[in-house]
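Below is one structure; the comments refer to it alone.
Taken together, the values in this text are just the output of simple stated rules run on the coordinates, not laboratory data. This one's a predicted model, so the numbers in the text were calculated from it and none came from an experiment. Every residue, glycine among them, receives a Cβ derived from its backbone with ideal geometry; neighbour counts consider all protein chains shown.
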Amino acid sequence: MDNHLHSVALPQLEMDATIAFLLDLLKTPSPTGFTEAAILRIEQELTALGVIAQRTAKGGLVWTLEPAEEAEDTGQHVTFSAHADTLGAMVKEIRPNGRLGLTQLGSYDWHSIEGTEVKVHPQQGPALSGTVLNLYQSFHVWGSAIHDLKRSANTLEVRLDALTGSEAQTRALGIEVGDFVSFDSQAQFTASGYIKGRHLDNKASIAIFVGVTRELLRQPSSRRVSFCITVYEEVGHGAASDIPAGTSELIAVDMAAVGGNQTSSEHHVTLCVKDSLGPYDHALGNRLRTAARRAGLELKIDIYPYYSSDASAAWRAGLPCPTALIGPGVDASHAYERTHQDALVATTALMLEYLR
């Protein structure tokens, strides 16, 4: 662990507030296309700080903090982007046994959701709970055939916690094709400082944004700062629109994928210099490296070959300004994820140092 982290750590009270909000947000369902509850929860947190956010045309949020009154007007407008939408699913079919076949929202391997607790959200009435199972779930029934079963849309299904054994009975519960299915985060904060659960991608960054906003209200930046929450990042077009007019730099803040052949760490902030769509802006990346050195942070530098972000989506849509990608290290991305509060602190510290 980086010994420099202690020199940039926020007051424990502030980190406690950030983690408490994060855990609550992780428990709020928001698969892509079904993000209203999470957006409302973020609005509530901002309202408590006296900040009014504006809804975007696509259902996201934007709020802007003006520079300190005594600051020289440089014309710089830094926008940070994060996404509230998460991995999830929709009902693709109601099977003859009353169970549900799924279609994916976002990119993940089917095996990573086997055994996951879910909520099915019908058009009318309360959500119904269920569990993702495979067709050969019981070893006592199927024996070694379980080992050879490929997990796919055809072999996984949702077993509803309701009295149903047929398609007609499931439809009578109000469930239809096209209903959203959210995955239970199973969020936890451990005594050793780890936060684990599904959907740290990218709710960890939103919690960081609220913490940074709280700090900037106390000590404003010398630049205009906007925060943009998108709701379609997991399907590739989150920040293709709705970036605030006049933005001179866009910095996406998203999870840094930890794993083999990567430098990212659960205890650090990472600068991603290239993802599946190519390199990010080199000069902006260097400015972030300089800010990290000033703050005494050990900044990890990484490349993600199977990754894209709000910043790369904005570039593809024609955004005419530099972009960069930073974020806290997250282990087991797009599965049951984990990070450490050190990474949240380090990402917060990098953002604040860059702005100040």
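Can you tell me what the convex hull of the Cα atoms of segment 109-175 projects to on average, as an area in nm²? Intermediate results must be reported in sequence, preceding the final value.
Numbers: hull surface 20.8 nm².
One quarter of the hull surface, i.e. the mean projection, equals 5.2 nm².
Using the Kirkwood formula over every pair of different C-alpha atoms, what hydrodynamic radius in Å results for the chain?
By the Kirkwood definition, the hydrodynamic radius is 21.1 Å.
Starting from the Cα of Q76, step 7 Å along the direction of its Cβ; do the same at I52; then give the gap between the two resulting points in nm.
It is 2.9 nm.
Fewest to most neighbouring Cβ within 10 Å: what's the order for V51, V235, V120? Could you put the intermediate results ahead of the total?
Values: V51 18, V235 15, V120 25.
Fewest-to-most Cβ neighbours within 10 Å comes out as V235, V51, V120.
Only helical DSSP H runs with n ≥ 4 go in: add -39500 (n - 2.57) per run for the chain, normalise by residue count and round the 222 nm mean residue ellipticity to 500 deg cm²/dmol. Could the numbers behind the result be given before it?
Numbers: 10 runs with 101 residues, N = 356.
That calculation yields -8500 deg cm²/dmol at 222 nm.
Hey, if you put +1 on the Cβ of every Lys and Arg and -1 on every Asp and Glu Cβ in the chain, which of T170, A53, V225 ends up farthest toward the positive end of that dipole?
Checked the options; the winner is T170.
State, to one decimal in nm, how far the label point of Q186 lies from the label point of E69, with both points 7 Å from Cα in the Cβ direction.
Between Q186 and E69, the simple spin-label model gives 5.3 nm.
Largest first and in whole Å, give the semi-axes of segment 1-146's equivalent ellipsoid, each being the square root of 5 times a Cα gyration tensor eigenvalue.
Working: eigenvalues 339, 91, 42 Å².
Here the semi-axes work out to 41, 21, 14 Å.
Over 32 Å between Cα atoms, which of K92/K196; K27/K300; K27/K150; K150/K300 qualify? Walk me through the numbers before you get to the answer.
Values: K92/K196 29 Å; K27/K300 29 Å; K27/K150 30 Å; K150/K300 36 Å.
In this structure, K150/K300 exceed 32 Å between Cα atoms.
Rounded to whole Å and sorted largest first, what semi-axes of the equivalent ellipsoid does the C-alpha gyration tensor of segment 247-327 yield via the square root of 5 times each eigenvalue?
Those come to 20, 16, 9 Å.
Rg over Rh of segment 291-356, using C-alpha atoms and the Kirkwood radius, what does it come to? Please list the in-between numbers first.
Numbers: Rg = 13.7 Å, Rh = 13.7 Å.
Rg/Rh: 1.00.
Taking the Cα atoms of segment 213-356, what is the range of coordinates along each of the three principal axes, in descending order and whole Å?
Largest first, segment 213-356 extends 39, 34, 26 Å along its Cα principal axes.
Can you give me the convex hull volume of the Cα atoms of segment 63-125, divided per residue and expressed in Å³? Can you show the working numbers first?
Values: hull volume 12.0 nm³, N = 63.
In segment 63-125, the Cα convex hull volume per residue is 191 Å³.
In segment 72-198, what is the volume of the convex hull around the alpha carbon atoms, normalised per residue and reported in Å³?
203
With +1 assigned to the C-beta of every Lys and Arg and -1 to the C-beta of every Asp and Glu, and no other charges, what is the dipole magnitude of the chain about the Cα centre in debye, to the nearest 20?
On the way: 28 positive and 41 negative charges, 70 e Å.
Roughly 340 debye for the chain.
Going by C-beta contacts inside 10 Å, put D109, D24 in order with the fewest on the left.
Values: D109 12, D24 15.
Ranked by crowding around the Cβ, least crowded first: D109, D24.
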